[in-house]
Structure formats: structure tokens, C-alpha cells
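Structure first, then comments.
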Amino acid sequence: MSQSKQQANQYDKIFRENMEVVLPGIIKYLLKLDIIESEELPDDLQHTKERRPDLLKKVKDASDKVYVLHVEYQTKNESDMVFRMAEYNIMLQRRYRLPVKQYVVFIGSAKPKMVTAIVTEDFQFRYNLVAFSSVDYKIFLKSDKPEEKILAVLANFVNDSPLEAIVTILKEIKSISGGDLSESRYFNQLRVLVQLRKLENQLDIAMETITKFFKEERDPLFRRGEARGKVEGEAKKSHDVVENLITELKLSNEQIARIAEVSIDFVQKIRADLAKKKKN
């Protein structure tokens, strides 16, 4: 199996595992639909060939319209996507005798450029193309579900650097993951998804930052330390995190201060100390 096919299978596995949990957020924030009822539909469409849609639901919206909601997740621009969606549409209409609303959700790092309509003399068809990168990543971080918080890495970081955003996402997942086993599962899923944004290096640095930030808090000796020891421990921890961010990445003092949760003066002092050491 090729590496690209293997990766596509990994992405597909994550979305299928988490689908029921993350679907309300995707429908609300990405598809911008007001669904009040949904019913699972079989995903095996077999007439002349077998097709398995990524997501298939019979839904009713707030205006009482009932239709089939069909969603496909796409990591790359596919030249024949419009024909594939048209095939799905005809098969779904034939099977369920209901209107069909279709979306391709683009989760790749490039811009979606796929043709979305077929218009000929005797046939007209279109589907909706939406990109995760069009949504502010902090919208997904508002969720109380770690599966939904993970999706933030596919969204738009707006004014935050990739490292700032990933550190924020990691902290959010860590705060509600409910134990080391769950935390490990969600971090592993995040590691797969960051490949779609080509942010593996930033994730490695963010993970190191997070590990340094939390490891003393797990240490019983640190927790039992006196107030002075705790303050010194926090200062040392923050110092190490800031020093690592300065040496590893070309970030501004303001960006580092936000990531490490320290003052800008603190960052400036460490940067000055590092500059002196370099001269010596």
C-alpha cells in the first residue's frame, strides 16, 4: 500500500471513530445547517457498483424540510469529484426518493479547487464545497468534547502562529481528556491530523513545551514542596520553556509570552541572557 493511501486510511479512521461526537459541531459551524432531527442511513449503495459515503443521514431542519445529508471528506483536489458526487446523488435519490443535499468537506493543506457543478443542455448538477480552513479554530476549542477540540488543528489559526495554536489545542485536550490513556489516544489522533497541515515539527516542539510545563505538577515532591520551592520550580519551568522557544523558533517576544504564559519582560530578559552567552 502506498504511503499516501495509508495516510488517507488513517484520516478516514479518525473521522469514522469520532463522527457521532463531532458531527453536531461540523453541521453547525462548517455546513451552517440548522438540523433538529437525524436518522442513520445504510452507507452501502449498490446498483452497478458499490459506493460507501463518508457520512449519510436522513435529517429534518428547523424549517421542517426533510432530506438526505451526504458528506464526503477530501484531503486532495480530485479532478473527477463532481462526477463522483453526481453518481452518489442519483443513487441516493433513486433509493430514498428524497431531496439530497451534498457537501465535500476539504481537510487538506492546499486550497480546494475542485469543480462543483455540471451544466449541459440536458443535465444540471452541483454540490457544496467547504473547507475546514475557513473556520476559526477557537470555535472548536469551545467544545467540551476532546474529539471536537482535535478538529481545531484543521481550521484557521487566524492571528496565531501554528505553534501558538497547537500549544493551545494541546492544553485544551489535556484539560478534559480524562486520564493518560484517553490523552494518549487524542494526542495520537492529533499527530495524524497535523500531517494534513504539514505541521509535524511544530507539534514536536509544542509537545516538548507541554511536557515541560506539566511534568513538575505530576511530581509528588513538587506538589508537596513549600511555597518558595513551588515558586522557584515554576520560574525554572517557565525559564526552560521560554529558552527552548527562543532557540528553536523565530518567534517574537509577544508570541513567546503568550505560549509560555509569562510576561514580555521575562522573555526579553532570557533573550538578553542568551545573547550574552553567545558572545562569550
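The values are calculated or read from the model by the stated rules, or taken from the named source; none is laboratory data. For clarity, every value in this text was computed on a predicted model and none was experimentally measured. Neighbour counts run over all protein chains shown; Cβ positions are idealised from the backbone, glycine included.
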Residue check for Leu151: touching a residue at least 12 places away in the same chain (Cβ under 8 Å) and within 22 Å of Ser182 (Cα to Cα): yes
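Going residue by residue through the range 135-158, is there one that turns out to be part of a helix (DSSP H, G or I), among the small types (Gly, Ala, Ser), buried (at least 19 other Cβ atoms within 10 Å of the Cβ) and in the same structural domain as Glu208 (by TED's automatic domain parsing)? Give the steps one after another, and end with the answer.
If we filter the range 135-158 for residues that are part of a helix (DSSP H, G or I), which is where we start, we get 137-141, 146-154.
Next cut, among the small types (Gly, Ala, Ser) only: 152.
Next, only the ones that are buried (at least 19 other Cβ atoms within 10 Å of the Cβ) stay: 152.
Filter once more, keeping what is in the same structural domain as Glu208 (by TED's automatic domain parsing): none.
Scanning the range 135-158 turns up no residue that is part of a helix (DSSP H, G or I), among the small types (Gly, Ala, Ser), buried (at least 19 other Cβ atoms within 10 Å of the Cβ) and in the same structural domain as Glu208 (by TED's automatic domain parsing).
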Condition check for Ile118: crowded, with 17+ Cβ neighbours inside 10 Å and over 22 Å from Asp12 (Cα atoms): no
Residue within the range 212-234 that is at pLDDT 80 or above and loosely packed, with under 15 Cβ neighbours inside 10 Å present: no
Qualifying positions in the range 89-131 - in contact (Cβ under 8 Å) with a residue 24 or more places away in the chain, polar (S, T, N, Q), in contact with a strand residue (DSSP E or B) (Cβ under 8 Å, 6 or more places away or on another chain) and more than 20 Å from Lys57 (Cα to Cα): Thr116
Close pairs (8 angstrom Cβ cut-off, 6 or more residues apart or separate chains): under 18 Å from Pro146 (Cβ atoms) in the range 25-39, in a helix (DSSP H, G or I) and of a type in the set (Asp, Glu) anywhere: Gly25/Glu148
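Is it the case that Gln74 is without any contact (Cβ under 8 Å) to a residue 12 or more places away in the chain and of a type outside the set (Lys, Arg)?
Details: without any contact (Cβ under 8 Å) to a residue 12 or more places away in the chain: no; of a type outside the set (Lys, Arg): yes.
So Gln74 does not fit the description; no.
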